[in-house]
Amino acid sequence: MSVGVKLGNLVPKIRFREPQIEMSHGAGGKASRRLVEGLFAPLLFGASTDPLGDAAHLKINGARMAVTTDSFVVKPLVFPGGSIGELAVNGTVNDLAVSGAKPEALVVTLILEAGLRTDVLQAEIQAIAESAQKAGVRIAGGDTKVVEHGKADSMYITTTGLGAPLAGVEINPQSVRPGDKVLLSGPIGDHGITILLARGELDIEGDLRSDTRTVFPLVSAVVQAAGPGVRWMRDPTRGGVATSLNELARDCGLGVILFEDSIPVHDAVRGACELLGLDPLHIANEGQFLAVVAPEFADAALQALQEAPGGGEARIIGEIREQPAGSVLVTTLYGGSRIVDMLVGDPLPRIC
Amino acid sequence: MKYVDEFRNPELITKAAEEIRRLADPNRHYRLMEVCGGHTHAIYRFGLKDVLPENIELIHGPGCPVCVLPMGRIDDALAVAAQPDVIFAAFGDMMRVPGTNGSPLEHKARGMDVRIVYSPTDAIKLAKLNPQKHVMFFAIGFETTAPSTALTLQRAKLEGIHNFSVFCNHVTIIPAIRAILDSPDMRLDGFIGPGHVSTVIGCRPYEWIAKNERKPIVVCGFEPLDLLQSIVMLLTQLKKGESKVENQYKRVVPWEGNRAALKAMAQTFQLRPYFEWRGLGFISQSALSIRDEFAEWDTEQRFHVPGIRVTDPKAAQCGEVLKGVLKPAQCKLFGRECTPENPVGALMVSSEGSCAAYYNYEHRKVNLLTSISV
């Protein structure tokens, strides 16, 4: 997000009127957006109305850089396919990647609860080291704080990432046009449902793993194949694909039409969602991204994705239309359709 | 997925839709009520209105248990939960339902011990894990969920779990349908009968609707093809001038119901002389209370329950929407003061509530050009 703060004529207009913070304010859906846009943005960024992106692209003394930060409070710490340390690296790396930057370095902050076992901590630091190596980023520094037993749940991690903006691509929701295609890098919902099942609160078992991974190699493949045609990218974490695309629809003022039958979803995720009354489009992902690409570049982008390692299940899942402006509409093969809104409330707290 | 994919098969759905067009008399307007909130949700989720001819109007019925519960019952439960060392346990869809001073979730943010459970046996687990606290399970639902509450009460008694009780809000479907039919502003041509409820009660209890009220009723499943097939069956009856009870959901619903479940209910519950329903008022013998043999596990017998009665916010027209007299969007608050995020009425909270379903899946479609071709 590029924001010019003019402190001289700053007139913050605080629209956030809710008396207290609820779990939903951290769920990445509508309530989160109200908090950020209604309280944080007016106080921190003044009157700027730039859409809030995944990472800020700054120019400092002539050098361009991308910066972002993310905190991780997932419960349980370790789950099939990953752990909090791995998420903390990949989550921030992916925010940089989908903003159109090559992730370069991370700063890691740990908040530890007194009583945390050293072997648990060591395993997570190892996970951070290994994931950072896999993602090609170095750990540039960090900070550690310890709080009393009972004041934090084992450990929380915050990572701040620095990246180098990629040449030949500019991510801006306002550049999205009717006719553009929506690409998805692979099956959705694996992470959220894995965490839900890993908590063991439900008597449902499923053979599922979190999809946590760096998406930079896939993003890079798309940018190389279709750079000038890439208009927008986002990693659909909390709130899922539905929330990310609703944000896009609002930011560009156009409609997003999804073809339900082209959206890849693993059977175990579909089954769990059917049982629990959840929509896979609202479930978090940690290793996928969405891209909106100009129609003439769409086939090249899809081919590049599908040929890259880990991109075999990528699909074109929809397109941009004039209508329904500001909304996401899912259509089915038999001609039915439904609006898909941002996530309301928080069915699954603390998934990342 | 078995039993799901074949009932979402686009080819079969298109065929059923064609059959409906063929059967529907273009000079007639059909008003069919889907009793069950699960059907309302499925109709919007799968966009079925888009494939039905315009002269088939689906009226949303009273079969959403969260929606028909008057606000006073939530206030009562929250009053009990406000006492020290009480844990409020309920299904997730209760959590955001507004009471007079906020929903259970808002009470949780203020410090109340509120837990989401996925079955009443989870609430028993919770009681065992917290022996120094009392776990109150907020039981809600039609005959669909009542048997599992009954078995849970029996288990609590058998195992001697004394820090557990049930705040019972179970209701029964037949009196609600009767109230709808008795309502003078309702003119219906037939019913899409509840699916899940019928797995327990079977199809026989609907026979009076066919015989005395001369309305066809088809017990129906929850997939798009189920709903369209049931509409085909209703139109076929209407065309022949018949009124019968038919079972479209044979893969799940036995004609006689589930005797073991009915027996467990009869052992544990008795009919309340009357119970208040949102929108429908007091209906006699329409709800269940816990038998005296289980008094120790009955929140209402064990604790002082204030018996709060509150009327819905005046401007909200939940009652009219519940009865099918108004469409969700015709309520004065719909989409303005009342949204899924800041719900004024329960119909905007539950996924089975017609307002939430309409808001989430439909209402912004209205201005949409019909020329979406994919």
So, B:S243, is that one in contact with a Pro (Cβ under 9 Å, 6 or more places away or on another chain) and not in a strand (DSSP E or B) or not? yes
Within the range B:70-99, residues closer than 21 Å to A:M23 by Cα, part of a loop (DSSP other than H, G, I, E, B) and at pLDDT 90 or above come out as B:A82
Complete set of residues in the range B:148-175 that are part of a helix (DSSP H, G or I) and surrounded by fewer than 22 Cβ atoms within 10 Å (Cβ to Cβ): B:S148, B:L151, B:Q154, B:R155, B:K157, B:L158, B:E159, B:I174, B:P175
Go through the range A:70-86 and give me each residue that's touching a Lys or Arg at 6+ places or on another chain (Cβ under 7 Å) and under 20 Å from A:D54 (Cβ atoms). A:V73, A:V74
When you scan the range A:149-169, do you find a residue that is among the aromatic types (F, W, Y), in contact with a Pro (Cβ under 6 Å, 6 or more places away or on another chain) and surrounded by 15 or more Cβ atoms within 10 Å (Cβ to Cβ), even just one? no
Checking B:A42 against (1) among the small types (G, A, S); (2) closer than 19 Å to B:F167 by Cβ; (3) in a helix (DSSP H, G or I), which test does it fail? (2)
Restricting attention to the range B:206-227, and to residues there that are away from every other protein chain (no Cβ under 14 Å) and assigned to a loop (DSSP other than H, G, I, E, B), which single residue is farthest from B:G38 (Cα to Cα)? B:N212
If A:R177 satisfies all but one of (1) within 14 Å of chain B (Cβ to nearest Cβ); (2) assigned to a loop (DSSP other than H, G, I, E, B), what's the number of the condition it fails? (1)
Answer from A:D261, A:D279, A:D267 - the residue that is facing chain B (nearest Cβ under 10 Å) and either polar (S, T, N, Q) or under 21 Å from the mean Cα position of the chain (by Cα) (or both): A:D279
Select, from B:V35, B:V97, B:V80, B:V68, the only residue that is surrounded by 19 or more Cβ atoms within 10 Å (Cβ to Cβ), within 14 Å of another protein chain (Cβ to nearest Cβ) and out of contact with any Cys (no Cβ under 8 Å at 6 or more places or on another chain). B:V97
The residue from A:D95, A:D54 that alone is surrounded by 14 or more Cβ atoms within 10 Å (Cβ to Cβ), among the acidic types (D, E), modelled with pLDDT of 95 or more and under 22 Å from A:P173 (Cβ atoms) is A:D95
Which residue, of A:V269, A:V223, is more than 24 Å from A:K30 (Cα to Cα), among the β-branched types (V, I, T) and in a helix (DSSP H, G or I)? A:V223
Picked from the range B:300-345 (must be in a helix (DSSP H, G or I) and within 14 Å of chain A (Cβ to nearest Cβ)), the residue surrounded by the most Cβ atoms within 10 Å (Cβ to Cβ) is B:P328
I need the full set of residues from the range A:303-338 which are part of a loop (DSSP other than H, G, I, E, B) and within 14 Å of another protein chain (Cβ to nearest Cβ), in order please. A:E322, A:Q323, A:P324, A:A325, A:G326, A:S327, A:T332, A:L333, A:Y334, A:G335, A:G336
Given the condition among the hydroxyl-bearing types (S, T, Y) and either at pLDDT 85 or above or within 20 Å of the chain's Cα centre (by Cα) (or both), answer yes or no: does some residue in the range B:327-342 qualify? yes
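The values are calculated or read from the model by the stated rules, or taken from the named source; none is laboratory data. Since this is a predicted model, take the numbers as computed values, not measurements. Counting neighbours? That spans all protein chains shown, and the Cβs are built from the backbone with ideal geometry, glycine included.
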